[in-house]
Amino acid sequence: MAGSEPVTATILDGKATLAAVKAGLKERVAALQERGVAPGLGTVLVGDDPGSAAYVRGKHRDSTEVGIASIQRELPATASQADVEAVVAELNADPACTGYLVQLPLPAGLSAYRVLERVDPAKDVDGLHPVNLGRLVLGQPGPLPCTPNGIVELLRRYGVPIEGAYAVVVGRGITVGRPLGLLLTRRSENATVTLCHTRTRNLAEHLRRADIIVAAAGSPGLVRPEDVAPGAAVLDVGITRTEAGLVGGVDPGVREVAGYVAPMPGGVGPMTRAMLLTNLVEAAEAAAP
């Protein structure tokens, strides 16, 4: 466990790390283009949710900056299940589309699972297709879930010790909590992980023993300063919309106790974008002649 003296946390800056990742990817994309390979990122946006539209714009802005072509498909909120699945089939068959994502949530009445299940696993840049999650469980190569992989990458780049660390992940969702536990326990990381949630008995006891804490339960201020061991790394992935704006899962006072803090916003969020681009470039490299 980290030392016993209070410290002021080092901020795990996801924005700066995203910029560094994009610089490296730009070189890899240029090398692909010299070989006649033009990577393309596709997105499927259904409806007119402002948050979803902004997210998709950000993805294409990122891809443009590293030289990746944009393939955008937009459907109205009135689109049927068959309409959305037809676009998925189109992108599966499009050789210009290296990989793509279906922006969630979908409008009411549409089955996200049925749509995502039809995505070609080789073009799954989110790393959340059932086939790719199965590969992660089996320790086989495949695109990794973006947010969990971004968390691991952020820890590595800031030199946070992972080998032998005790990590507590609060949240059991399929996009962060469950796959993050699998990533951290790989032989390349060798952490010991306890997967907790808001119904865990004596949650604070687990948190106080942790070298690494990831708050991904969507519960505002769940991780408090008194729950954190001095010097621990604390990463805020929880997002809750309130009347006062977006609120994370980590109390701001944790910065005066922890050794490292990934804040919300600006911490893990940009790393999710970085890993999506990484998945796409890796897919292009794997398919290149």
### Message
Can you find, within the range 258-289, the residue that is least open to solvent (accessible area, probe 1.4 Å) among those that are modelled with pLDDT under 95, hydrophobic (A, V, I, L, M, F, W, C) and assigned to a loop (DSSP other than H, G, I, E, B)?
### Response
Ala288
### Query
How many of the residues making up the range 201-255 are more than 15 Å from Val168 (Cα to Cα), open to solvent by 30 Å² or more (accessible area, probe 1.4 Å) and among the hydrophobic types (A, V, I, L, M, F, W, C)?
4
### Message
Looking only at the range 58-92, count every residue that is surrounded by 15 or more Cβ atoms within 10 Å (Cβ to Cβ), under 20 Å from the mean Cα position of the chain (by Cα) and closer than 19 Å to Gly47 by Cβ and tell me the total.
### Response
2
#### Entry: the range 1-32 - residue that is hydroxyl-bearing (Ser, Thr, Tyr) and open to solvent by 50 Å² or more (accessible area, probe 1.4 Å) and, of those, modelled with the highest pLDDT
Thr10
### Query
Only one residue in Arg178, Arg209, Arg186, Arg135 is basic (Lys, Arg) and under 22 Å from Gly269 (Cβ atoms). Which one?
Arg178
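Do any strands (runs of 3 or more DSSP E) entirely within the range 194-253 hold 1 or more residues that are in contact (Cβ under 8 Å) with a residue 40 or more places away in the chain, and if so, which? Steps first, please.
Numbers: elements: 212-215, 233-236, 240-242, 245-247.
By residue number, 212-215, 233-236.
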#### Entry: Residue list for the range 147-176, filter: of a type outside the set (Val, Ile, Thr), under 17 Å from Gly249 (Cβ atoms) and either modelled with pLDDT of 95 or more or crowded, with 23+ Cβ neighbours inside 10 Å (or both)
Pro148, Gly150, Leu154, Ala167, Gly171
## Note on the structure
Flagged in the range 80-116 as in contact with a Gly (Cβ under 8 Å, 6 or more places away or on another chain), under 30 Å from Val37 (Cβ atoms) and in contact (Cβ under 8 Å) with a residue 60 or more places away in the chain, in numbering order, are Thr98, Gly99, Leu101
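Search the range 130-146 for residues being open to solvent by 10 Å² or more (accessible area, probe 1.4 Å), within 29 Å of Lys15 (Cα to Cα) and in contact with an Asp or Glu (Cβ under 9 Å, 6 or more places away or on another chain), and hand back the single one that is modelled with the highest pLDDT. Lay out the reasoning, then the answer.
Within the range 130-146, the subset open to solvent by 10 Å² or more (accessible area, probe 1.4 Å) is 130-131, 133-144.
Filter once more, so that each one left must be within 29 Å of Lys15 (Cα to Cα): 133, 136, 141-144.
Among the residues that remain, those that are also in contact with an Asp or Glu (Cβ under 9 Å, 6 or more places away or on another chain) are: 142-143.
Details: Gly142: 93, Pro143: 96.
The selected residue is Pro143.
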### Any hit, the range 238-258, residues being under 17 Å from the mean Cα position of the chain (by Cα) and more than 27 Å from Thr43 (Cβ to Cβ)
yes
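Only one of Gly109, Gly127 is surrounded by 14 or more Cβ atoms within 10 Å (Cβ to Cβ) and closer than 29 Å to Arg178 by Cβ; which?
On the way: Gly109 fails: surrounded by 14 or more Cβ atoms within 10 Å (Cβ to Cβ).
After applying the criteria, what remains is Gly127.
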## Note on the structure
Residue count, the range 58-95, condition of a type in the set (Val, Ile, Thr) and assigned to a loop (DSSP other than H, G, I, E, B), comes to 3
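Kindly check whether there is at least one residue in the range 44-57 that is in contact with a strand residue (DSSP E or B) (Cβ under 8 Å, 6 or more places away or on another chain) and not hydrophobic (A, V, I, L, M, F, W, C).
Just the residues of the range 44-57 that are in contact with a strand residue (DSSP E or B) (Cβ under 8 Å, 6 or more places away or on another chain), to begin with: 44-47, 52-53, 56.
Among the residues that remain, those that are also not hydrophobic (A, V, I, L, M, F, W, C) are: 47, 52.
Yes, the range 44-57 has at least one match.
Out of the residues in the range 145-170 that are assigned to a loop (DSSP other than H, G, I, E, B) and over 14 Å from the mean Cα position of the chain (by Cα), state the one that is nearest to Ala19 (Cα to Cα). Don't jump to the end; show me each part of the working.
Taking the range 145-170 as the starting set, the residues that turn out to be assigned to a loop (DSSP other than H, G, I, E, B) are 145, 158-165.
Going one step further and asking which of them are over 14 Å from the mean Cα position of the chain (by Cα), we end up with 158-165.
On the way: Tyr158: 14, Gly159: 18, Val160: 20, Pro161: 23, Ile162: 23, Glu163: 26, Gly164: 29, Ala165: 28 Å.
Here the residue is Tyr158.
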### Message
Given the options Thr194, Thr198, Thr240, name the one that is hydroxyl-bearing (Ser, Thr, Tyr), in contact with a strand residue (DSSP E or B) (Cβ under 9 Å, 6 or more places away or on another chain) and closer than 21 Å to Ala165 by Cα.
### Response
Thr194
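The values are calculated or read from the model by the stated rules, or taken from the named source; none is laboratory data. Because the structure is a prediction, the values reported are computed rather than measured. As a convention, Cβ positions derive from the backbone with ideal geometry for all residues, glycine included, and neighbour counts pool all protein chains shown. To get the accessible areas, we keep the full protein, side chains included, count just its heavy atoms, and leave off ligands, DNA and RNA. Shrake-Rupley method; radii C 1.70, N 1.55, O 1.52, S 1.80 Å.
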